[in-house]
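Some notes on the structure that comes next.
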Amino acid sequence: MLLLLVFLTGCPLAENYTDEEGPRYGGDHRIPAAGPEEAPSSLTVVTFNLSFAEHVTEAITAFKRSPLADADIIAMQEMDAPAVDRIARELGMTYVYYPASVQVDGGDFGNALLSRWPITADRKLHLPHDDPYHQRRRIAVIATVDVHGTPVELVSVHNSTPIVGLGGRLDQAEAIIDAVDASGPLRVIAGDFNTSDPGSQGQTVKLFSKRNFQWASEGVGDTVDSVIGGLPLDYVFSQGLPVLERGVDRRPAGSDHHPVWVRFAWPR
């Protein structure tokens, strides 16, 4: 059946990383604190799809200016290991990265989480419903960050394109929620949900709301520039963290996606 699909479509099948454990890349470029770290008053989360990790210098420039310079956590998509390590090194952050598949040009394609706080655990989650044409696999990267003794569960998401259908992408979102459902009370799920087709944003938000997640980035508007106009594709959902501010940095950052940021109040 797969050979017939390739013959009919002319699309080469993707090379997926099917191992549950990896490949995995990580590093810690944080500068040791001069004294004991204090509990934060807020926690800023950014999600950014860097579009095949092609313009890393522009992304670093964006991360070094306000409001992204305040980021404590960064969820990234369409990344490769060298790009993630370079950004983490420039920003003085620790990171974990898992590729999902290999691109046609031979570069890896996957998700990362970067943090100013220690990452104490991490894993890769394979999502259901591979791309029916290329059989490309999508994943989520899940990590636990220790914020001054309090664990926060984080997820970097990159759902499939609308080619798998709305039902398939909702299944992917539900698989992510199920994967963190038994974790601690503080959770943030952020990334590119590929909600470009009519009705998909509403259904995605409805699913998260039903599972007791807040749409933390509600109202930020379109996050992607495309030939058909602006599209709302990138989201932040949360539990247990009140939202103080949120927005989209629409200045050039090296991608057709714009970084989405949310500043949360840290619970006392």
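The values are calculated or read from the model by the stated rules, or taken from the named source; none is laboratory data. Note that the structure is predicted; figures quoted are calculated from it, not measured. Using ideal geometry, Cβ is built from the backbone for each residue, glycine included, and neighbour counts are taken over all protein chains shown. Just the protein is used for accessible areas: all its heavy atoms, side chains included, with ligands, DNA and RNA removed. Shrake-Rupley method; radii C 1.70, N 1.55, O 1.52, S 1.80 Å.
Would you mind counting up the charge near Tyr97? Only other residues with Cβ under 12 Å from its Cβ, with Lys and Arg at +1 and Asp and Glu at -1. Counting the neighbours of Tyr97, the net charge comes to -2. Other residues within the sphere of radius under 10 Å centred on the Cβ of Ala88, judged by their own Cβ, net out at 0 (K and R +1, D and E -1). The loop-placed GluC sites (Glu not before Pro) in the range 171-268, going by DSSP, that have at most 13 neighbouring Cβ atoms within 10 Å of their Cβ come out as Glu218. Evaluate the relative contact order of the chain (contact order divided by residue number), counting alpha-carbon pairs under 8 angstrom at least 6 apart; express in whole percent. Value for the chain: 20 percent.
Simple rule: put +1 on each Lys or Arg Cβ and -1 on each Asp or Glu Cβ in the range 87-211, find the dipole, and look at Ile87, Ala190, Gly110; the Cα lying farthest toward the positive end is Ala190.
Calculate the spin-label point distance for Asp146 paired with Asp222, positioning each point 7 Å from the Cα along the beta-carbon direction, and give it in nanometres. Roughly 4.5 nm, to one decimal.
Think of each Lys and Arg Cβ as +1 and each Asp and Glu Cβ as -1; about the Cα centre, that makes the dipole of the range 159-265 roughly 280 debye. Distance from the Cα centroid of the range 121-176 to that of the range 29-108 is 18 Å (rounded to whole angstrom).
Subtracting the Cα-Cα distance of Arg123 and Ser196 from 0.36 nm times their residue separation leaves 23.5 nm of extension gain. Identify, among Val46, Thr57, Thr161, the residue whose Cα sits farthest towards the positive end of the charge dipole of the chain, taking +1 on the Cβ of Lys and Arg and -1 on the Cβ of Asp and Glu, with the dipole about the Cα centre. Checked the options; the winner is Val46. A 1.4 Å probe run over the protein chains yields, for the chain, 43 Å² of accessible area per residue, whole-number rounding. Kindly state, to the nearest 0.05, the FRET efficiency for Leu166 paired with Ser41, given R0 = 45 Å and r defined as their beta-carbon distance. It comes out at approximately 0.70.
For the chain, take the convex hull of the Cα atoms, compute a quarter of its surface area, and give me that in nm², please. Could the numbers behind the result be given before it?
Working: hull surface 56.5 nm².
Convex hull of Cα atoms, orientation-averaged projection: 14.1 nm².
Taking Lys and Arg as +1 and Asp and Glu as -1, the other residues whose beta-carbon sits under 11 Å from that of Arg263 total -2. Between 0 and 90 degrees, the angle of helix 200-210 with respect to the longest Cα principal axis of the chain falls at about 50 degrees. Measuring only protein heavy atoms, the 1.4 Å probe finds Tyr25 accessible over about 80 Å².
Computed from the Cβ-Cβ distance with R0 of 30 Å, the FRET efficiency linking Ile31 to Arg250 stands at 0.50.
Projecting the Cα atoms of Phe237, Ala173, Tyr133 onto the charge dipole of the chain (Cβ charges, centred on the Cα centre) puts Phe237 farthest toward the positive pole.
Here the dipole of the chain is about 540 debye; that uses its Cα centre as origin and unit charges on the Cβ of Lys and Arg (positive) and Asp and Glu (negative).
Have a look at the DSSP beta bridges in the range 140-243 and tell me what percent are antiparallel, nearest 5.
Beta bridges within the range 140-243, antiparallel portion: roughly 75 percent.
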